[in-house]
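The values are calculated or read from the model by the stated rules, or taken from the named source; none is laboratory data. None of these values were measured; they are calculated from a predicted model. Please note: Cβ atoms are built from the backbone with ideal geometry, for glycine as well, and neighbour counts cover all protein chains shown.
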Amino acid sequence: MGALKVVFRLLGAPFRLISSVMGRFLNTPFRQATALLVFAYLLIEIGIPFIPPLVGFPSAPVPNTVVLEYLVIAVVGILLWVSDNEERWSEFKQPIHDVLVRPDRRVARGFLFVIVPALVAAQTYLSARPDMSAPPSFRAIHPAPPSAITFQGEQIVLDGLENPLRSTGSLEEHYEEGKRVYYQNCLACHGDGLQGRGHYAQIFNPAPLNFQDGGTIAMLTESFVFWRIAKGGPGLPNEGNPWNSAMPAWENFLTADEIWSVIVFLYEQTEHEPRTWEEEGEEH
Amino acid sequence: MIERFGELRNTALLVSMFVIAGCGGGDGGGGGASAGAADAAPAESPVDAATAGNVAGMVTFSGTAPMMAEINMNSEAVCAAKHSTTPTEESFVGGENGGLANVFVYVKQGLESLTFPTPASAVVLNQDGCTYRPHVLGVQVGQDITIRNSDGLMHNINASPTENRPFNVSQPVNMETNRSFSTAEVMVPVRCDVHGWMSSWIGVVDHPYFTVSGPDGSVALDGLPPGDYVIEAWHEQFGTMTSNVTVATGETAEISFEFTEAMAGASVPMGEPIDLLHPDGHRTVDH
Amino acid sequence: MRVLPNLRSGGWFKVLLSSRHITFSSLLLAASLPFVPTHLGAQVDGEVVYNQWCAGCHGEDGAGTGPAANTMLPRPRDFTLALYQVRTTATGGLPTDADMLKVINEGMPGTAMPGWEDVLTEGDRLALVDYLKTFSRFFQDDPPTPLDFGRATPETDEAIARGAEVYQTVECWRCHGQQGRGDGESAPTLNDAAGFPIVAADLTENWRFNGGGEVEEIYRVLRTGLDGTPMPTFSDIVDAGVITNEDLWSLAHYVRRLSPEDEPEVREVVTAKLLTDTPLPQTVEDIVWEEAEAFYVPLAGQIIIKPRWFNPRVDGVWVQAAHDGRELALLVSWGDPSESPDTLWADFGERVLTTMAPGDEGSASGSGAADQLVVQFPQELYEGQERPYFLQGDARRPAYTWTWQSDVTGAFESIARGMGTAARQADAEQHVRATAQHADGQWKVLFVRPLDTGSEEDLAMTVGQAVPMAFQAWDGDNGESGNQGAVSTWYFLFLEQPTPIAVYVQPPVALALTLLFGLLVVRQARLGSGMVRELDASARRKRIARTRQLAGMGVGVIWLGMAFGSYQNSRAGWEAGHADLGFWWAIIGGLLAIAGLGALVGTWIHTRTSK
C-alpha cells in the first residue's frame, strides 16, 4: 500500500512541478493569456506538422498565412475567456492599465512608444515598397476530368472506365511493360523513385507529380490517370494552367495499352491502390 | 653451365626480336623498345634449351591495302616537327613482299603446364612525336611497362583492358611512369584522350613466346619445348588467325599467316568476354 | 469509407496557391511537399532492390543497358566492367564500399543518377553495394586500399594564384579550356571507355561535378582520375616530383573558384535594373553588366513534342537585364564550347546523334546546324494569369519571340503558334537589335528593344510590371536543331520602376498616427483612472464618450477596408477561373462589410444615447 503511494507520488511529481511553476508565474489573467497565446503559436507552428504522418500523410511546414489566421482565432478566444467575468477582465486589464498610467512604469511606457510606431512604420514601408514578385498563380492540381475523351481519334468514355489490363493477361507482364515505358519516357521528370525528382524535374515549373505522395495517384481513379497521361499539359482545362505544364500529350507517343501498362507500373511500384468507382459513388 | 648459356642465348634472341618488332612500326621512334635488352636474366626456366625447337614464318597481307588517313598535327608543332613526312594512322602497316607489320604472334595453347619467371627488365612504351612507339608491343604478366613521355607536352595514357584493371595516367611533361598487368590479355588497347589519333596495343601473356611482326612480316618464336602448339596472330584491323604446329627438338616449325582484304573490320578480340553466369569458372587466356 | 474529394462535381478543387493574399487552401500545399518514405524498405535482398529500382537504367544483367539507357549520355554505369568514377583508390583501383555507398546516396550530379538516401533504407542501400559487386569477378580480389589524401591546404589568394599556374603546367586546358568551360581543343574528340562521346566537364558549374564540387572532392578526382572517362590521375606527377602535393591542392582550390560560391538559386522573377544616370548598355562588355544581378535559368531537353531531345548541351543560361524607361537591354550568357558550325566539332555532333534515342520521327539527320537562342514572351498580356503554351505558344495564344542564330547577324522578331511555327515579322516591324560574342566557350548575346515598339504585333512592356519570359537554346555542334534543343518553362521579367513617392510618405505618416493613437490611449486611461485632475466629472465623461466614439468608428472603417480587400481577392479569383475562391472571398467580404457597418452604426447609436 505504501509502495503504491510512493509510485503515485512519483508519477504526480512532474504535474506538481508544473502546477507550482504555474502557480508562481502564471498567477494573473494577463500572464495566463500571454502563456496561452505563446502555447497556441508553438502548437500551430511546431505541433501541427507532426499530425499528418500519424495518419500516413506527408508532412509540411504550416504556411505563415495559416499561422496568422489561427493566431487571430486564438486571440479572439483568449479575449472571450478573459472578458467572460468582470473580475478576471479587470484583473486582466490591470497590468496594461498600469503600464499606461503608473508613473513608475514610465520606462516601459516609453519603450512601447518607441517600439510600436517603429514596427508599424517598418511594416508600412515593406508593404509600400514596389512589389517585384511574380503575379499570383492559381493552379488546380487535379482538375475535374471530362466524362469522355477522344484518344487517337477514338472516343473513350472515362466515366466508370477500369484499367482493361487488370482483367487480361498477367499483371506481372503488364508491370514489366509499364516499367519499360516508364523508363524510356517518364524517367527524366518523374524520376527513378517516382517522386517527381528526375534530373529534369527542377527545371520545369510546376514540378512533375510525385506518385509516392498519398495525395496524387492514390486518390485518383485509373481512368483519371489515363486522361492525364493521354492528354498531358495541353489537355488541361484553364484552371490547370495548360500553358505551363511540361507534361507531354502521350497519345502522340504511346498506344492505349502502353499507357494502361504504365499505369499498372505506377500503382505497383508505389504500392498505392487506385481509387475505385465504388468509392466515388459512395459520396453521392 | 652450358645449359645456362643456352638460356641466356634464347633470351637474348627473344629480346632482340622484340626490339625489331618494337621498332618495326615506325620511322625510328627513338629507341623505343631497347630497354631491357641488356640484363634480361630469368631465374629458373623449366625449358631445357638442349631439347628446344623453334617456330618461324611470315605474316603477309593480300589484297588492296587500306588507305591510312593522314594525321593533322598542326595543333602540336612540337610533335609535327618530329615527323619528316606527314604522319598517318598506323592501323595498317604493310611492307615489302606482302609483309604485314604490327601483328602480335604468340603461343596461345600448349604451354599450360609450364610457368615462367617474370622478367626483371621493363619494356618501354614511348610517346614521341605524338605517336606511340611501338604501336604494338608484347609484355609478360607482371613485367613492368615503362611509359615514357618524350614530347614534353600533355599526354594521358588510358589503358582499357577487360581482364586486367585499367589505368589512366597523365604525363604533362617529360617523365616516366611504370605500370604492369597481372593477368594475360590479348590485347589491351591504349589511347591518349588528348590526342585522339594516338593508339597502341599491348599483348599480355604469361610466357616469353611472343613477338610482333616487322614490316617484312617475318616472325620467330625460339626455344620452345617440343610439343604441339596453337599459335595465334592478332591484327587490329583483321582480327585473329591461328595455326597448329608441332615443335621438335632442334628443328624449326614453319608457320604462315595470310591476312586478306576481306577480313577487314573483323571483330577484334580484346580479352575474352566475362561470363556473368559463371564468374568463378571464368577462364583467362592463361591456363 | 475513405474520405475523398469528389472529382466530378468540381466542388472541391485542390488549388495550389502562391499568392500571399490568399490563405485558404494553403494547407493543401502539403500535398506537393517533400515525400516521406513510409513503405519502402522491407527488403534486405540486394537483388530484389536492384531489380526494382536500378534495373530500369542499369539493366538486370548490370551491363548498363536497361530500357532507359539510350536516352542518357553519359550512359548508365556498366557494373560488369567494375569501372567506377568516384573512388578513393588509385586509378584502376576498385571502389571501397564507402565509395559505392556515397554514389548511391548522393547520386551523380549532372547525370540521370539520383541520390537514393531518402528513398531506400540504409539496409537496402548496403545490400545494393554487395549486390553490385557480384557483377564483376574483380571484387573477388583483395579489398581495395584507399589513398591517403591528407588535409586540404588553406584557401589563400596565393594558393589560388599557384593553382592557376598549375592549371597551365598540367595542361587542364587541353580538354577543359582556358576558362574551364569544357572548350579545350581535345574536347571534341573525347570518348568514354565504352566509346560513347563524352564532354569535358564545365568547371564553372561545380554543382554538376561527378563526385562532388567541393575542394576535397575536386582534389580526390585529381588524385584518382575518373575511371572509364578521359580524366586521368595526377598522382603520378606528384610521385615523380613534377608538382608537389600542395600544388595539387592549390589546383583544386583554383578549380573550385571557377564556380560560384553556391549553386545558383532559381528565381522566378528576373529584374531589369532601372538605369537613371548611366546610358543603356549597347555591348556585351559594357561595365553595367559587371554590376547587374545575374539570374540563372536552368534548361532541360525538349522532351515534350516530337522529335524529342534527351541530351541538351545548354543546361542553363544566365540572364541580366536593364532598362532606362525607353529601351530594354537583355544579356543572355551560356556555356557552349564552339561557335557552331565548327568543323572540329562536326564529328562529335554526329556521334551524339547516332548515340541518342529515341529517334522520334523528324529527328535531326546530321549535325552542323547553327547555335540558336530564342527568348519568348506572350504576344500580349492576358487577363488573369493566362499565357501562351510555354513551347512557343499555341493556336489561341501566340508567343512573341526574339531569335538569335550564330550564323546570322543580329536577331529577329517572330510570332509563333507552337514550336517550329515561328513566322518572322515583316522587316518594317523588326525592332529588336542583337550583338553576340563567343569567347572561351561562352556565348553572350545582348538584345535591345524599345519597351513599346508602337506595333500591335509586339508585346508592349510596362515599367513596374511582370512580363512572362521563357528561353530555348540549341548547340548545333551537339547535333541540336529544330525541336531538338533545350527549353525552360515560364519565368517573369520585371522592369524596375522608380521608387514611388508613397514609399517615403507612408511610413512617417503611419509612425505619426500610431504615436498619436498611443498618446490618445494613454490619455484616455489616465482620464478613466482620474489621474487628470483639471477636468470635472461631466467633462471627463464627455471625453471618454468621444474617445469611444472615435475608437468604434475606427474599428468600423478598418473592417470595411478589409471587406474591400476581400472583394478584390474575390474578383481576382473569379477572373482566374476559380469560382470557389471568388465565392469564399465574397462571403468573407460580405461578413466583414456587415461587421464594419455594424460597428459604425452601433457606435453612432451607442454614443448618441449615452449623451
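So B:Met187 ticks every box in (1) more than 16 Å from C:Gly92 (Cα to Cα); (2) modelled with pLDDT of 95 or more but one. Which box is left unticked?
(2)
Could you tell me whether any residue of region B:182-191 is more than 22 Å from B:Thr51 (Cβ to Cβ), touching an Asp or Glu at 6+ places or on another chain (Cβ under 6 Å) and not in a strand (DSSP E or B)?
For region B:182-191, residues more than 22 Å from B:Thr51 (Cβ to Cβ), touching an Asp or Glu at 6+ places or on another chain (Cβ under 6 Å) and not in a strand (DSSP E or B): present.
State which residue is surrounded by the most Cβ atoms within 10 Å (Cβ to Cβ) when the search covers only region C:475-500 and only residues that are of a type in the set (S, T, N, Q) and either more than 9 Å from chain A (Cβ to nearest Cβ) or part of a strand (DSSP E or B) (or both).
Applying the filter and picking the extreme gives C:Asn478.
Which fully enclosed helices (runs of 4 or more DSSP H) of region A:190-284 have 3 or more residues being among the β-branched types (Val, Ile, Thr) and more than 9 Å from chain C (Cβ to nearest Cβ)?
The qualifying helices (runs of 4 or more DSSP H) are A:256-270.
Hey, can you tell me all the residues within region A:240-250 that are surrounded by fewer than 20 Cβ atoms within 10 Å (Cβ to Cβ) and not aliphatic (A, V, I, L, M)?
Across region A:240-250, there are no qualifying residues.
Quick one: in region B:169-182, which of the residues that are of a type in the set (S, T, N, Q) and within 20 Å of the chain's Cα centre (by Cα) is surrounded by the most Cβ atoms within 10 Å (Cβ to Cβ)?
Only one residue tops the list, namely B:Thr177.
Would you check which residues across region A:69-83 are farther than 16 Å from A:Thr28 by Cα, in contact (Cβ under 8 Å) with a residue 24 or more places away in the chain and either in contact with a Ser or Thr (Cβ under 7 Å, 6 or more places away or on another chain) or not aromatic (Phe, Trp, Tyr) (or both) and list them?
Across region A:69-83, the qualifying residues are A:Leu71, A:Ala74, A:Val75.
Conditions (1) touching a Pro at 6+ places or on another chain (Cβ under 7 Å); (2) modelled with pLDDT of 95 or more; (3) outside the structural domain of C:Ile287 (by TED's automatic domain parsing); (4) not hydroxyl-bearing (Ser, Thr, Tyr), marked per residue:
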position	(1), (2), (3), (4)
C:Ala422	no, no, no, yes
C:Ala426	no, no, no, yes
C:Asp458	no, no, no, yes
C:Ala466	yes, no, no, yes
C:Gln472	no, yes, no, yes
C:Asp475	no, yes, no, yes
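Go through (1) farther than 23 Å from C:Ala369 by Cα; (2) without any contact (Cβ under 8 Å) to a residue 60 or more places away in the chain and name the single condition C:Ala434 misses.
Going through the list (1) farther than 23 Å from C:Ala369 by Cα; (2) without any contact (Cβ under 8 Å) to a residue 60 or more places away in the chain, C:Ala434 breaks only (1).
Does any residue of region A:146-155 turn out to be in a loop (DSSP other than H, G, I, E, B) and either within 7 Å of chain C (Cβ to nearest Cβ) or touching a Phe, Trp or Tyr at 6+ places or on another chain (Cβ under 9 Å) (or both)?
yes
State all residues of region A:56-110 that are within 13 Å of chain C (Cβ to nearest Cβ), small (Gly, Ala, Ser) and exposed (fewer than 15 other Cβ atoms within 10 Å of the Cβ); if no residue qualifies, say none.
Within region A:56-110, A:Gly56, A:Ser90, A:Ala108, A:Gly110 qualify.
Condition check: part of a strand (DSSP E or B), touching a residue at least 60 places away in the same chain (Cβ under 8 Å) and farther than 18 Å from B:Ile231 by Cα. Does B:Val169 satisfy that?
So B:Val169 does not fit the description; no.
Under the condition of being buried (at least 19 other Cβ atoms within 10 Å of the Cβ), among the charged types (D, E, K, R) and within 30 Å of A:Gln269 (Cβ to Cβ), which residue from region C:107-165 is nearest to the chain's Cα centre (by Cα)?
Here the answer is C:Arg125.
What is the residue count in region C:193-222 for residues that are surrounded by fewer than 22 Cβ atoms within 10 Å (Cβ to Cβ) and either charged (D, E, K, R) or outside the structural domain of C:Trp249 (by TED's automatic domain parsing) (or both)?
5
Only residues that are of a type in the set (A, V, I, L, M), touching a residue at least 60 places away in the same chain (Cβ under 8 Å) and touching a Gly at 6+ places or on another chain (Cβ under 7 Å): list them for region C:43-80, please.
If the condition is that a residue be of a type in the set (A, V, I, L, M), touching a residue at least 60 places away in the same chain (Cβ under 8 Å) and touching a Gly at 6+ places or on another chain (Cβ under 7 Å), then C:Val44 is the only one that fits.
So for region C:426-434 (the condition being under 19 Å from C:Thr283 (Cβ atoms), surrounded by 22 or more Cβ atoms within 10 Å (Cβ to Cβ) and in contact with a helix residue (DSSP H, G or I) (Cβ under 9 Å, 6 or more places away or on another chain)), does at least one residue qualify?
Taking every residue of region C:426-434 in turn, none turns out to be under 19 Å from C:Thr283 (Cβ atoms), surrounded by 22 or more Cβ atoms within 10 Å (Cβ to Cβ) and in contact with a helix residue (DSSP H, G or I) (Cβ under 9 Å, 6 or more places away or on another chain).
Given the conditions (1) within 8 Å of another protein chain (Cβ to nearest Cβ); (2) in a loop (DSSP other than H, G, I, E, B); (3) surrounded by fewer than 19 Cβ atoms within 10 Å (Cβ to Cβ), report the number of the one that A:Phe113 does not fulfil.
Of the numbered conditions (1) within 8 Å of another protein chain (Cβ to nearest Cβ); (2) in a loop (DSSP other than H, G, I, E, B); (3) surrounded by fewer than 19 Cβ atoms within 10 Å (Cβ to Cβ), the odd one out for A:Phe113 is (2).
Determine, yes or no, whether C:Ser455 is polar (S, T, N, Q) and away from every other protein chain (no Cβ under 14 Å).
It is true that C:Ser455 is polar (S, T, N, Q) and away from every other protein chain (no Cβ under 14 Å).
So in region B:43-89, with the set limited to residues that are of a type outside the set (Asp, Glu) and touching a Cys at 6+ places or on another chain (Cβ under 7 Å), which one is farthest from B:Pro208 (Cα to Cα)?
Looking at residues that are of a type outside the set (Asp, Glu) and touching a Cys at 6+ places or on another chain (Cβ under 7 Å), I get B:Met73.
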